[in-house]
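I have placed the structure first, in the form of structure tokens, so that the comments after it can refer back to it.
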Amino acid sequence: TKEDSYQADLFSVFEEKPAEKLSDEYKEVTLSDLKEKVGSLFAIQIKDENAYISTKEENLIFSGELSSLAFLFERDFICFDAKAMYHALRKHEITLTSPKKDLMLYSYVIDSSKGQRSLSSVALEYLGYELPEDKPYAHTLLPLFELLCKRAEKDSCLSIIEKIELPLSLLLAQMEEA
């Protein structure tokens, strides 16, 4: 079918199916470890007052004071639902000042007929498996970002996401706070 062919094209960016390549193991790190290990682009999830961070090399968990991570949020990062991230970070006196790579918005713009989607449904479509609701998911965001960017480029909607949707999302989060 057309959908099977499309998914096969998406999986071709990996040597094998992404589900078999992604480790869901996270290594506990200190703040100084994070400063050393986290580069210019990373994926992050805030869950249960912990920061789950995924780089191309490894998955990290930081259990310290989240307000000490303000330096990370000045960089470009990938998340799912940047508005929720904005509100979660404000509780720790961290303010996002520029739009981030919000995979919820990417998936919505690519196919708005499906409405607002959960990360699990997006992962099922693009990575070929569902995510458990009770486990960290930061490790899936980098490969998902790569696939969604390719799809957005193919569908000629990447500039809409980056120039309109992402900045608007941050503005809406700020308005909700007021």
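Miscellaneous remarks
- Just one of the listed residues (Glu177, Glu130, Glu146) is surrounded by 12 or more Cβ atoms within 10 Å (Cβ to Cβ) and in contact (Cβ under 8 Å) with a residue 12 or more places away in the chain, namely Glu146.
- Some residue of region 8-27 being out of contact with any Lys or Arg (no Cβ under 9 Å at 6 or more places or on another chain), modelled with pLDDT of 90 or more and either assigned to a strand (DSSP E or B) or surrounded by 11 or more Cβ atoms within 10 Å (Cβ to Cβ) (or both): yes
- Test: residue in region 58-67 that is touching a residue at least 60 places away in the same chain (Cβ under 8 Å) and open to solvent by 10 Å² or more (accessible area, probe 1.4 Å): yes
- Filter pass, Tyr52 being buried (at least 18 other Cβ atoms within 10 Å of the Cβ) and part of a helix (DSSP H, G or I): no
- Tyr137 being touching a Cys at 6+ places or on another chain (Cβ under 9 Å), of a type in the set (Phe, Trp, Tyr) and in contact (Cβ under 8 Å) with a residue 40 or more places away in the chain: no
- Residue in region 106-117 that is open to solvent by 30 Å² or more (accessible area, probe 1.4 Å), at pLDDT 90 or above and not hydroxyl-bearing (Ser, Thr, Tyr) present: no
- Residue tally, condition within 28 Å of Lys154 (Cα to Cα), open to solvent by less than 30 Å² (accessible area, probe 1.4 Å), part of a helix (DSSP H, G or I) and in contact (Cβ under 8 Å) with a residue 60 or more places away in the chain, over region 71-104: 1
The values are calculated or read from the model by the stated rules, or taken from the named source; none is laboratory data. Note that this is a predicted model, so its numbers are computed, not measured. Every residue, glycine as well, gets a Cβ built from its backbone with ideal geometry; the counts of neighbours run over all protein chains shown. Please note that ligands, DNA and RNA were not included when accessible areas were found on the heavy atoms of the full protein model with its side chains. Shrake-Rupley method; radii C 1.70, N 1.55, O 1.52, S 1.80 Å.
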